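Student: Before anything else, here's the structure in question.
We did not get these values from a lab; they are worked out from the coordinates using the rules stated. Keep in mind that what you see is a predicted model, and the values were worked out from it rather than measured. We place every Cβ from the backbone using ideal geometry, glycine too, and count neighbours over all the protein chains shown.
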Amino acid sequence: MIKAGIIGSTGYAGQELVRLLLGHRETEIVWYGSRSYIDKKYDEVFGNMFEIVDAKCLDDNMDELAALADVIFTATPQGFCASMVNEDILGKTRIIDLSADFRIKDVSIYEKWYGIQHKAPEFIEEAVYGLCEINREDIKGKRLIANPGCYTTCSILSLYPLVKEGMIDVDSIIIDAKSGTSGAGRGAKVNNLYCEVNENIKAYGVTTHRHTPEIEEQLGYACGREVVLNFTPHLVPMNRGILVTAYASMTGDFGEDEVRVAYDKYYADEQFVRVLEKDTPPETRWVEGSNYVDVNFKIDERTGRIIVMGALDNLIKGAAGQAVQNMNLMFDLPENMGISMAPMFP
């Protein structure tokens with residue numbers, strides 16, 4: 001039985017980790033960490049856990065937790081994990097970090113986009129970017145995983161086959177993305193209040209969103225060169241979901257069948273990436289509550305561009321579900337264990 005500890009268990013992603021791990025037959029949660037609710041019963045924070053979780057919230061003492069847990073999930077703000085991790089901790093346990101601390105290999109880029117000093121640059125090279133469908137073999141057996149972000153997971157998986165196969169001009173990529181409000185976290189902020197979000201949609205982080213360099217770096221690995229693209233996120237009044245619509249110029253006169261062959265080459269055997277049938281656009285409602293990513297594409301012969309679409313649940317495949325998928329790979333368990341649930345509707 002894998003003993004798991006969660007630091008940040010009372011955030012949206014942290015609570016989803018709890019829910020998924022409670023249903024994972026090879027895992028026992030030994031630490032419900034929450035700096036905001038120390039000594040408060042977990043089911044008092046989340047009433048859905050009444051008579052399911054009989055535990056109190058603990059602090060964020062990673063040193064103590066490392067002695068108890070086989071794996072630590074850090075569902076925490078940027079900077080926390082890097083400020084806590086050290087060789088002694090990694091010698092005792094494994095870490096899956098849901099923040100951006102170890103996603104970007106260039107420290108200067110991380111510090112520029114996140115505006116903080118990186119506290120553990122010595123572990124950046126070791127950390128594996130945990131996008132399972134692309135880095136599966138690298139994840140197995142490792143001790144430090146950088147769990148990808150929600151926007152990035154959807155953007156990268158939607159575009160990856162085309163970039164990898166050289167079918168699009170990477171200098172022409174424009175990504176328009178939309179997120180439900182849970183993506184902004186559970187902290188109290190005026191901009192996230194019901195009256196501020198309801199009946200409204202807005203762009204934010206225009207040209208400055210911190211997931212941009214993460215997407216660029218990973219797509220750069222796919223094509224073997226530097227990628228610079230436009231990424232614009234939008235906040236929409238729904239609880240969950242990421243919808244990506246990306247545009248790019250094609251490098252040749254490729255038809256529907258040729259593009260579909262490229263997607264099938266990478267995803268035909270992937271349980272959690274579903275390439276939809278022709279002319280079926282992805283919708284967030286059909287992936288909600290699941291670890292699935294739905295992708296599709298449409299060729300615009302008039303402009304020579306391709307429109308690529310993707311949808312996922314930002315709290316599952318975009319956070320907690322992907323983290324459990326990474327844990328399964330790290331511990332040589334079936335990759336889909338505990339996360340094969342069908343999407344929920346309505």
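Student: From the P(r) of the stretch 2-126, can you give the percent of Cα pairs sitting at distances over 24 Å? Walk me through the numbers on the way to the answer.
Tutor: Details: 2231 of 7750 pairs.
Everything past 24 Å amounts to 29 percent.
Student: Can you tell me what share of the DSSP beta bridges in the chain is antiparallel? A percent to the nearest 5 is fine. Please report the intermediate quantities before stating the final value.
Tutor: Details: 26 of 55 bridges.
Taking every DSSP beta bridge within the chain, about 45 percent pair in antiparallel fashion.
Student: Please give, to one decimal in nm, the separation of the simple spin-label points placed at V261 and I52, each 7 Å out from Cα toward the Cβ.
Tutor: Once both label points are built, they end up 4.7 nm from each other.
Student: Write down the radius of gyration of the stretch 151-313 and its Dmax, each obtained from C-alpha positions, in Å.
Tutor: In Å, with Rg to one decimal and Dmax whole: 15.9, 50.
Student: Gaussian network model of the chain, Cα springs within a sub-10 Å range: biggest mean-square fluctuation belongs to which of L312, L144, L276?
Tutor: Greatest mean-square fluctuation among the candidates belongs to L276.
Student: Could you tell me the number of lysine pairs in the stretch 151-313 with C-alpha atoms less than 20 Å from each other, where the two lysines are 8 or more residues apart or belong to different chains?
Tutor: The number of close lysine pairs in the stretch 151-313 is 9.
Student: While we're here: Return, for the Cα atoms of the chain, the radius of gyration and Dmax in Å, separated by a comma.
Tutor: For the chain, the Cα radius of gyration and maximum Cα-Cα distance read 19.6, 62 Å.
Student: Report the convex hull volume per residue for the stretch 75-130, counting only C-alpha atoms, in Å³. Intermediate results must be reported in sequence, preceding the final value.
Tutor: Details: hull volume 4.2 nm³, N = 56.
Spelled out: Cα convex hull of the stretch 75-130, divided by residues, is 75 Å³.
Student: Hey, how many Å between the Cα centroid of the stretch 29-107 and the Cα centroid of the stretch 243-294?
Tutor: One Cα centre to the other: 34 Å.
Student: Same structure, new question: Would you mind checking which residues have amide H under 5 Å from V273's amide H? H placed 1.01 Å from N; only 5 or more apart, or other chain.
Tutor: Here V293 satisfy the definition.
Student: Output the peptides 160-166, 112-118 sorted from most to least packed, where packing is the average of other Cβ atoms within 10 Å over each peptide's residues.
Tutor: Details: 160-166: 21.0, 112-118: 14.7.
Top of the packing list down: 160-166, 112-118.
Student: Moving on to the next point. Check each of the chymotrypsin sites (Phe, Trp or Tyr not before Pro) in the stretch 1-106 and keep only those in coil by DSSP with at most 12 other C-beta atoms within 10 angstrom; list them in order. Provide the component values of the computation, followed by the final result.
Tutor: Numbers: sites: Y12, W31, Y32, Y37, Y42, F46, F50, F73, F80, F102; in loops: F46, F50, F102.
Counting only loop positions with at most 12 other Cβ atoms within 10 Å, the chymotrypsin sites (Phe, Trp or Tyr not before Pro) in the stretch 1-106 are F50.
Student: In degrees between 0 and 90, to the nearest 10, how far off the longest principal axis of the chain does helix 212-223 point, with axes built from Cα atoms?
Tutor: 60
Student: To continue, here is another question. For the stretch 127-227, what log10 I(q)/I(0) values come out of the Debye formula at q = 0.13, 0.15, 0.17, 0.19 1/Å, with one point per alpha carbon and no solvent?
Tutor: -0.59, -0.74, -0.89, -1.01
Student: Let me make sure I get this right: for the stretch 224-321, a, b and c are the square roots of the gyration tensor eigenvalues over alpha carbons, sorted descending. Under 1.5 in a/c it's rounded, otherwise prolate if a/b > b/c, else oblate. Which is it? Display every interim value, and only then the final one.
Tutor: Numbers: a/c = 1.78, a/b = 1.44, b/c = 1.24.
Taking the square roots of the gyration eigenvalues as a ≥ b ≥ c, the stretch 224-321 is prolate.
Student: Averaging over every viewing direction, what projected area does the convex hull of the Cα atoms of the stretch 34-83 cover, in nm²? Present the calculation step by step, with values, prior to reporting the outcome.
Tutor: Details: hull surface 16.5 nm².
The Cα convex hull of the stretch 34-83, projected and averaged over all directions, gives 4.1 nm².
Student: Can you give me the angle between helix 256-267 and the longest principal axis of the chain, using Cα atoms only, in degrees from 0 to 90, rounded to the nearest 10?
Tutor: Long axis of 256-267 versus the principal axis of the chain: about 20 degrees.
Student: List the trypsin sites (Lys or Arg not before Pro) in the stretch 253-286 that DSSP assigns to loop (not H, G, I, E or B) and whose Cβ has at most 12 other Cβ atoms within 10 Å. Which are they? Intermediate values should be presented prior to the final figure.
Tutor: Details: sites: R260, K265, R274, K278, R285; in loops: K278.
Within the stretch 253-286, the qualifying trypsin sites (Lys or Arg not before Pro) (loop, at most 12 other Cβ atoms within 10 Å) are K278.
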